[in-house]
Amino acid sequence: MSTLEFNSMLIKNADFLKPFAINLTRDTEVANDLYQETLYKALANQEKYHTGTNLKAWLFTIMRNIFINDYRRKVKQKTILDSTPNDFLVNLKQATVQNAAESALELKEINKAIRQLPEIFKTPFLLYFDGYKYNEIAEMLHEPLGTVKSRIHFARKLLKEQISRF
C-alpha cells in the first residue's frame, strides 16, 4: 500500500478516534493530545499495517495502548504520603548527633558577647532572657516599660552585630 493510499484511509477513519479519546480521558485537552499522538504513531508505524486489516480497529488499538501506557506511567510517578500519626517511625533509625565541642564554643562566644554589653542593656536583657516579662522587669528596675523594651531591643541589636556568624 502506498503512503498516499494509507494517508487517505487514515483521514477517513480519524473522525472516529476523537469520541473514543474523550471517552477514555474524560478531558478534552488530554483527548486532543491522545488523538494527535495516535495519528503520529499510526503514521510512524505505517509499515506495520497490513493491507486488508481493519484500519479503524488498528487505530483504536494504538490509542488504547497509548492511553494505558500513559496511565501506568502516571501511577508510577505518584507519591503516596502517609499522614498517619506514626510518621516518626519512618525515620526511626536515622539520628543526628550534635557536635558538643562546636556548641560549647558557640555558647562561650555568646556569653562573652553578653558580658561585654554595657550594664544598662545587660541587666534588662538577662532578666528577659531568664523568662521575666517586660512589665516585671520594669518593676524590678524601677524604670518605665518603654525604656525596658528599648534597652532589650538595643541589647539584641548589639549582640547581633557582635555575633555575626549565627
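The values are calculated or read from the model by the stated rules, or taken from the named source; none is laboratory data. Not measured: the values here are computed from a predicted model. Positions of Cβ are generated from backbone atoms using ideal geometry, with glycine treated the same way; all protein chains shown enter the neighbour counts.
Data table
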read-out: Residue satisfying all of: in region 108-119; part of a helix (DSSP H, G or I) and in contact with a Phe, Trp or Tyr (Cβ under 9 Å, 6 or more places away or on another chain); nearest to Leu158 (Cα to Cα) among these; value: Ile114
read-out: Residues (of a type in the set (Ser, Thr, Tyr), assigned to a helix (DSSP H, G or I) and free of Cβ contacts under 8 Å to residues at least 12 places away in the same chain) located in region 7-60; value: Ser8, Thr28, Tyr40
read-out: Count of region 132-166 residues which are part of a loop (DSSP other than H, G, I, E, B) and modelled with pLDDT of 90 or more; value: 5
read-out: Candidate set from region 120-143 (those that are within 15 Å of Arg156 (Cα to Cα) and among the hydrophobic types (A, V, I, L, M, F, W, C)); member that is surrounded by the most Cβ atoms within 10 Å (Cβ to Cβ); value: Phe125
